Structures are given as structure tokens and as C-alpha cells.
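All remarks here apply to the structure that follows.
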Amino acid sequence: KQEVTQIPAALSVPEGENLVLNCSFTDSAIYNLQWFRQDPGKGLTSLLLIQSSQREQTSGRLNASLDKSSGRSTLYIAASQPGDSATYLCAGPMPTGGGNKLTFGTGTQLKVEL
Amino acid sequence: GAGVSQSPSNKVTEKGKDVELRCDPISGHTALYWYRQSLGQGLEFLIYFQGNSAPDKSGLPSDRFSAERTGGSVSTLTIQRTQQEDSAVYLCASSPRQGAGANVLTFGAGSRLTVL
């Protein structure tokens with residue numbers, strides 16, 4: 001069974017700060033890991049997908065890394081802005097079954113203050 | 001459509017009633033997923049449809065839950081004899097079968113169910 005843990009559960013930072021969100025998973029046979037963003041009352045938006053053959057993926061101010069051996073992924077947000085305030089979720093594939101059956105972490109609620 | 005559409009956006013029902021939640025995936029997406037997001041429990045996988053294959057129902061929490069997908073497009077999640085613990089946001093997502101986007105899910109805004 002895949003278990004995904006996210007630390008911290010909540011984070012508040014001043015605008016402009018660089019920050020790191022952490023994700024740990026138990027199944028090292030993971031073949032990809034995804035990071036999502038969820039705004040209040042809305043669905044999830046896919047941010048980055050890292051394949052197991054990759055070490056990291058970048059999109060704008062976001063950089064996600066994957067270390068299968070240690071069972072960890074990090075999401076780095078550079079020069080944070082108030083618009084980055086949201087809940088960030090990481091997810092890995094379930095060991096049993098294909099497609100996008102994912103196990104999600106409980107998320108990190110980020111608030112970027114002016 | 002441009003995105004994944006779900007209806008209703010909010011549903012309040014009494015314990016014991018049946019409810020139906022609808023999902024209209026992105027046109028051409030052959031894979032469709034239902035997830036449930038409960039307070040304090042995060043997102044849980046419920047059921048997965050891929051094309052005309054038999055659905056993967058391994059995440060359904062009880063036999064009160066069922067889902068169907070007609071014509072390989074619209075899906076309906078049905079909860080019979082609702083209980084208070086069924087209160088949650090039910091999220092639908094779709095993805096293409098293959099290609100660069102096959103591993104990327106597009107989620108709808110969800111249907112918030114409250115069972116009184």
C-alpha cells in the first residue's frame with residue numbers, strides 16, 4: 001500500500017520568500033509523482049509530473065524533484081506571490097492498478113502574505 | 001467541452017436518500033476517475049473507467065456506491081441510502097488514453113455533498 005505524507009500541513013510566508021514543500025512516500029517502486037494545486041472551492045490543477053527516470057521538473061517559478069531511493073519529493077517555489085496561496089498536494093500511483101489511480105497526501109496549505 | 005464539468009456543485013440531502021452526481025469529461029478523454037475528498041482524510045480513489053473496459057471499482061467504500069459511464073462519455077456516481085459519513089466533495093477527473101498527457105489528470109470543480 002502506498003502512503004503519502006506531506007509536511008508541513010500549513011505554512012505562512014511573506015511575499016518574495018523562496019519555500020520548499022515536502023512529500024514522502026513509502027513505495028519506492030513509484031513510476032511517477034505529481035504535484036497539484038487546489039484553490040478553495042475548486043478542483044485540482046496539475047502543476048508538475050516527474051517520471052521515475054527524471055530527477056526534477058521545472059515550470060516557471062516551480063521546481064519539483066524526485067528521489068526514489070529516499071522516498072521523497074520536494075516542490076520548490078521561488079519568489080512566492082500572494083497568488084500562490086493555495087493547498088498543494090502530491091500524489092503517487094497506487095501499487096495495484098494502472099492509469100491514474102493515485103494516492104494523495106493530505107496537502108500543505110500555503111498562505112503568502114503581502 | 002473545455003474542461004471537466006460536474007453537477008450539482010452542491011447537494012444537501014437527508015440521511016437515507018439516494019443521490020446522483022454527474023461528470024462530463026473532456027471530449028476525447030477515454031479515462032475517467034472518481035475521487036472523494038473528505039475533511040481530514042484527503043483524497044481517496046473510488047472508481048476508474050478506461051474506454052470500454054470493465055471499470056476498476058476497487059476504491060468504492062461500500063455496496064451503496066455505484067457508478068456507470070454511458071457511451072464512453074458522461075458518468076454518474078450513485079450513492080444509495082446516504083449516511084452522514086458520505087458527506088464529502090466528490091471529484092471527477094479525466095485523461096487521454098495515450099500520448100504526453102496520459103498521466104495528467106484534469107479535475108472538475110467537484111460536487112459537495114452534505115448528508116443531514
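Coordinate-derived values only; no laboratory data. Since the structure is predicted, the reported quantities are computational estimates derived from the model, not experimental observations. Backbone-built Cβ (ideal geometry, glycine too); neighbour counts: all protein chains shown.
Confirm whether residue A:59 is surrounded by fewer than 18 Cβ atoms within 10 Å (Cβ to Cβ), over 30 Å from residue B:88 (Cα atoms) and within 14 Å of another protein chain (Cβ to nearest Cβ). Taking the combined requirement at face value, the residue satisfies it. Within segment B:59-95, being free of Cβ contacts under 8 Å to residues at least 12 places away in the same chain and more than 24 Å from residue B:114 (Cβ to Cβ) holds for B:70, B:71.
For beta carbons closer than 7 Å, sequence separation of 6+ or different chains, a first residue in segment A:24-46 that is more than 16 Å from residue B:93 (Cβ to Cβ) and touching a residue at least 12 places away in the same chain (Cβ under 8 Å) and a second that is part of a loop (DSSP other than H, G, I, E, B) and of a type in the set (S, T, N, Q), the qualifying pairs are A:25/A:2; A:26/A:2; A:27/A:2; A:28/A:69; A:30/A:52; A:31/A:52.
If we keep just the residues of segment B:59-116 that are in a strand (DSSP E or B) and of a type in the set (Lys, Arg), which is nearest to the other protein chains (Cβ to nearest Cβ)? Step by step, filter segment B:59-116, then rank; the result is B:112. For segment B:46-57, the condition holds for at least one residue, the condition being that it is polar (S, T, N, Q) and more than 30 Å from residue A:6 (Cβ to Cβ). Please work out which residue is surrounded by the most Cβ atoms within 10 Å (Cβ to Cβ), limiting yourself to segment A:69-114 and to residues that are free of Cβ contacts under 8 Å to residues at least 24 places away in the same chain and within 14 Å of another protein chain (Cβ to nearest Cβ). Of everything passing the filter in segment A:69-114, A:100 is surrounded by the most Cβ atoms within 10 Å (Cβ to Cβ).
Could you list all residues from segment B:33-49 that are buried (at least 16 other Cβ atoms within 10 Å of the Cβ), out of contact with any Lys or Arg (no Cβ under 8 Å at 6 or more places or on another chain) and without any contact (Cβ under 8 Å) to a residue 40 or more places away in the chain? Once the filter is applied, which keeps residues that are buried (at least 16 other Cβ atoms within 10 Å of the Cβ), out of contact with any Lys or Arg (no Cβ under 8 Å at 6 or more places or on another chain) and without any contact (Cβ under 8 Å) to a residue 40 or more places away in the chain, segment B:33-49 yields only B:42.
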